[in-house]
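Novice: Take a look at this one; I'll ask things after.
The values are calculated or read from the model by the stated rules, or taken from the named source; none is laboratory data. What you see is a predicted model, and the numbers here were worked out from it, not measured in a lab. Virtual Cβ from ideal backbone geometry, glycine too; neighbours counted across all protein chains shown. Calculation scope for accessible area: heavy atoms of the full protein, side chains included, ligands and nucleic acids excluded. Shrake-Rupley method; radii C 1.70, N 1.55, O 1.52, S 1.80 Å.
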Amino acid sequence: MSDTTAAPQGPAPHNTERSPRRGMCAAVLCLEAITVALTTPVLITIADVPVGQAVLIGVGLAVACLLLAGMLRAPWAYAVGWVLQVGAVAIGFLVPMMFFLGGIFALLWGMADFLGRKIERERAEAWAAYRAENPD
């Protein structure tokens with residue numbers, strides 16, 4: 001009889017998991033896109049912003065969030081994400097509630113960025129320790 005509990009033979013496994021930082025930040029940007037897109041009718045009806053300008057602000061920022069969510073493989077995209085957070089908070093000058101909502105999303109973005117970096121760093125350290133114990 002063969003032993004089915006034996007460890008598989010071959011090279012050490014590789015880290016093929018997705019980036020937690022990218023995943024969390026993309027999720028924040030997608031949820032933020034919905035929020036800023038929904039500010040468009042508020043800008044038109046309550047803040048009396050002209051329709052074209054309201055669409056440019058609300059839908060434009062939403063599209064920018066969605067596009068950036070797909071570009072988070074590049075390191076520069078995280079800096080642009082911070083710029084988008086400032087833009088979301090700045091809508092508060094037209095719709096005061098966006099100071100609060102934009103601040104919440106900026107906090108979520110910061111936590112996703114910080115925790116994602118921490119998870120990636122700890123994962124890299126764990127892989128380095130594994131490879132040091134199990135050389136090929």
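Novice: With the other protein chains left in place, how much accessible area per residue, in square angstrom, belongs to the chain at a 1.4 angstrom probe?
Specialist: Value for the chain: 64 Å² per residue.
Novice: Can you give me the span-like helices of the chain, meaning DSSP H runs with 27 Å or more of Cα extent along the axis and Kyte-Doolittle mean at or above 1.0?
Specialist: Qualifying helices, which must be both long enough and hydrophobic enough, are 51-70.
Novice: P(r) of the stretch 76-130 in 5 Å steps, Cα pairs, percent per bin?
Specialist: 5, 19, 19, 17, 12, 10, 7, 5, 3, 2, 1
Novice: Based on a Kirkwood Rh over C-alpha pairs, give the Stokes-Einstein translational diffusion coefficient of the chain at 37 °C and viscosity 0.692 mPa s in µm²/s.
Specialist: This corresponds to a translational diffusion coefficient of 190 µm²/s.
Novice: Around Asp113, what is the net charge, scoring Lys/Arg as +1 and Asp/Glu as -1 over all other residues with Cβ under 14 Å from its Cβ?
Specialist: It works out to a net charge of +3.
Novice: Evaluate the relative contact order of the chain (contact order divided by residue number), counting alpha-carbon pairs under 8 angstrom at least 6 apart; express in whole percent.
Specialist: 30 percent
Novice: Hey, in the GNM for the chain with a 10 angstrom Cα cutoff, which one of Val89, Val51, Val28 fluctuates hardest?
Specialist: Val51
Novice: Which net charge results when you count Lys and Arg as +1 and Asp and Glu as -1 among the other residues whose beta-carbon is under 14 Å from that of Ala69?
Specialist: +2
Novice: Also, quick follow-up: Could you give the size of the charge dipole of the chain about its Cα centre, using +1 on the Cβ of each K and R and -1 on the Cβ of each D and E, expressed in debye and rounded to the nearest 20?
Specialist: 180 debye
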